[in-house]
Amino acid sequence: MIIDIKDLSIRYIMGDFKDIGLKEYIVRKIKGDFTVREFWAVDGVTFSLEKGDMLGIVGTNGAGKSTLLKVISGIMRPTKGEVRVEGNVSALLELASGFDGDLTVRENTYLRGAMLGYTRDFMNKKYNEIIAFAELEEFQDRPFKQLSSGMKSRLAFSIACLVKPDILILDEVLSVGDGGFRKKSEDKMMEIIHGGATTILVSHSLDQIRRLCNKVLWLDKGKQVAFGETASICDKYKEFIEKKKITKK
Amino acid sequence: MLEKFKKHQFLFEELVKRDFKNKYKRTVLGMVWSILSPLLMLLVMSLVFTHLFGRKTPHYTIYLFAGNLVFSYFKDATNGGMNSLVANAAIFTKVNVPKYLFLLSRNVSSLLNFGLTLIVFFVFAAFDGILFTWKFIFLLYPIGCLVIFNIGLGFILSALYVFFRDMQYLYDIFTMLLMYVSAIFYTVDTFPIAYRNLFYLNPVYVYITYFRRIVIDGVIPGVVIHLFCILYAMIAIFIGSWYYKKYNYKFLYYL
């Protein structure tokens, strides 16, 4: 098993402590106007993935999808439960962030590569391929901030995918770029999966998940609703979403 | 530990490059400016204070320069260190990288800047008739201690800055006050001996004093100063890394 998650729960805290100053903190503490709310962002999730699996995660906003990915990629620690991940993880959470606008495209490519844990030699070898895949040959020495948001995402995707990670995490990634690039990136994804990588994909496009994934995890408000066969869960999820729309109306 | 560093060496190098490029905006003038601004400060200070304090102090300009040199390195490194977490939040909330790398890379670029100013300082010293002896090698000791001290304080400040966003203003006020008690432009000789010893409670003063003893007086300071140097550095790095470790996974909630 590449990824094995048992009864995973993550407690998240929210409240008045964000973007607060020391002075305000003291004043609020004295007035008793300081509240911190705890809630379980992910609550009792259990699943496991084999080599070559592609998991789609579905769920409405605030279902805990991103938090779950943060734990798998090692950014957060679980409050309860167990997470076992074998192999190097290449995670793309919110693609275009974390680049430096003042550096050039080339410098950003190396910086991002370094963040994902590649070596310099490796980047030297792969650099041209990455730029070619992202179709940014003419922009290599331009400051990164001059790129359009589609171009930025293309670059981020290319860096993460051209390196054959053991585990690839994609958060709302395949919805970037124009039609042509989207097709290309999906093909690339399939190539990675066939190469034996395990992939986790978060997407709001059910079509995409049906097309690409062999397993689906459905989360709702942190709780695990279902895990397993793609087709049946997608059908149920679709029903659930439509019902929700009707009740809202 | 070493293996871990090796694994992240590439990232560390790229971060240092990024900080350096961003600091100087890839211009030669940017680099010149970073030397020019302490020199300008020195010029104004020596014009004003030489009349007030400088008549009895030998090599007063060098005395002033040594104080400014050490203090601005301290200020630059800790200010940058304080920013290192918040400024890189977009990275470490999305990618799993060790957070201390951001602090260390910021400290490296401050240290390089300090090195540049140090060369200018030596040029000034030579013009002022300071004799360069083998004892100058001992300057590596306070520099080393100061580097560790700055990193330790950077750990603490960067964590605090994540929690309290007005830290920057508070720290500005703090450094200003600290500057006045660091004996940068005056000498402590005029104070009664009991007061004079109080100055040793200020780490920056200790490092400045070490510098002046070597460069101006040409003597290696006593054991006590050596102990103070290493003690402050150890306290800072110990508290800093403990604090960092404790909150390492909590920063995320605040950003």
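Observations
- Residue, farthest from the other protein chains (Cβ to nearest Cβ), within the stretch A:104-126, restricted to residues that are among the hydroxyl-bearing types (Ser, Thr, Tyr) and surrounded by fewer than 19 Cβ atoms within 10 Å (Cβ to Cβ): A:104
- Any hit, the stretch B:123-137, residues being of a type in the set (Val, Ile, Thr) and in a helix (DSSP H, G or I): yes
- Filtering the stretch B:214-237 to residues that are more than 16 Å from residue B:62 (Cα to Cα), in a loop (DSSP other than H, G, I, E, B) and among the β-branched types (Val, Ile, Thr) leaves only B:220.
- Of B:152, B:129, B:144, all but one fail to be among the small types (Gly, Ala, Ser) and at pLDDT below 90; the exception is B:129.
- Looking only at the stretch B:195-213, and only at residues there that are polar (S, T, N, Q) and in a helix (DSSP H, G or I), the one that is nearest to residue B:175 (Cα to Cα): B:209
- Among strands (runs of 3 or more DSSP E) entirely within the stretch A:1-98, having at least 1 residues that are out of contact with any Ser or Thr (no Cβ under 9 Å at 6 or more places or on another chain) and more than 10 Å from chain B (Cβ to nearest Cβ) singles out A:36-49, A:80-85.
- Residue within the stretch B:59-71 that is within 14 Å of another protein chain (Cβ to nearest Cβ) and not charged (D, E, K, R) present: no
- Every listed requirement among (1) modelled with pLDDT of 85 or more; (2) at the interface with another protein chain (Cβ under 10 Å from one of its Cβ atoms) is met by residue A:129 save one, (2).
- Check on residue B:3, within 12 Å of chain A (Cβ to nearest Cβ) and surrounded by fewer than 17 Cβ atoms within 10 Å (Cβ to Cβ): no
- Residue count for the stretch A:190-222, restricted to those that are surrounded by 17 or more Cβ atoms within 10 Å (Cβ to Cβ), assigned to a loop (DSSP other than H, G, I, E, B) and out of contact with any Phe, Trp or Tyr (no Cβ under 8 Å at 6 or more places or on another chain): 3.
- Any hit, the stretch A:134-152, residues being within 8 Å of another protein chain (Cβ to nearest Cβ), free of Cβ contacts under 8 Å to residues at least 40 places away in the same chain and either surrounded by 21 or more Cβ atoms within 10 Å (Cβ to Cβ) or within 29 Å of residue A:41 (Cα to Cα) (or both): no
- In the stretch B:161-177, residue nearest to the other protein chains (Cβ to nearest Cβ) [restricted to those that are assigned to a helix (DSSP H, G or I), free of Cβ contacts under 8 Å to residues at least 60 places away in the same chain and not charged (D, E, K, R)]: B:170
- The residues of the stretch A:138-156 that are assigned to a helix (DSSP H, G or I) and in contact with a strand residue (DSSP E or B) (Cβ under 7 Å, 6 or more places away or on another chain), listed by number, are A:144, A:156.
- Among the residues making up the stretch A:52-81, those that are of a type in the set (Lys, Arg) and either at pLDDT below 85 or within 14 Å of the chain's Cα centre (by Cα) (or both) are A:65, A:70.
- One residue from B:204, B:215, B:223 being of a type outside the set (S, T, N, Q), more than 30 Å from residue A:11 (Cα to Cα) and under 16 Å from the mean Cα position of the chain (by Cα): B:204
- One residue stands out in the stretch B:97-110 among those that are over 15 Å from residue B:18 (Cα atoms) and buried (at least 18 other Cβ atoms within 10 Å of the Cβ): the one that is nearest to the chain's Cα centre (by Cα), namely B:100.
- Residue check for residue A:127: assigned to a loop (DSSP other than H, G, I, E, B), under 30 Å from residue B:16 (Cα atoms) and not acidic (Asp, Glu): no
- Unmet requirement for residue A:177, which otherwise passes all of (1) at pLDDT below 80; (2) within 23 Å of residue A:114 (Cβ to Cβ): (2)
The values are calculated or read from the model by the stated rules, or taken from the named source; none is laboratory data. Nothing here was measured: the structure is a model prediction, and the numbers come from that model. Using ideal geometry, Cβ is built from the backbone for each residue, glycine included, and neighbour counts are taken over all protein chains shown.
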